[in-house]
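Everything below concerns the one structure shown next.
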Amino acid sequence: MRWVEQENADWSQFPALTDKVTTVAEVFAQHRPEAERTVEHEAVEVLREFLASFPDPSQKRMLYTLLAAGMDSAQRPHHAAKAQALFNEHVAADPVGKP
């Protein structure tokens with residue numbers, strides 16, 4: 001971002017630079033050093049991809065309800081409440097997604 005400090009910075013290129021910085025940040029955020037690639041990290045990534053494959057809010061509600069029920073059945077009510085709260089907060093933040 002040093003070019004911003006330059007006297008003749010071309011601000012019309014700022015959106016393109018922002019896109020490039022965002023892309024680089026996403027790549028770094030997804031990178032896990034080999035030593036940190038545990039089964040838990042891989043499981044989270046699989047779960048993330050699975051949940052993202054259901055775009056409809058009613059489908060997401062069903063998935064989060066099933067996830068919370070499974071956690072509750074595993075005697076993890078605190079985790080179940082957190083899973084359900086995540087979905088409820090997402091719906092509240094996204095008025096379009098309200099059922």
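Numbers at a glance
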read-out	value
Kirkwood Rh (inverse of mean 1/r, distinct Cα pairs), segment 34-97, angstrom	12.8
Protection proxy ranking of 70-78, 56-64, 35-43 - average other beta-carbon atoms within 10 Å, highest first	56-64, 70-78, 35-43
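Taken together, the values in this text are just the output of simple stated rules run on the coordinates, not laboratory data. Please read all numbers here as calculations on a predicted model, not as lab measurements. Cβ coordinates were reconstructed from backbone atoms using ideal geometry, including for glycine residues, and neighbour counts include every protein chain displayed.
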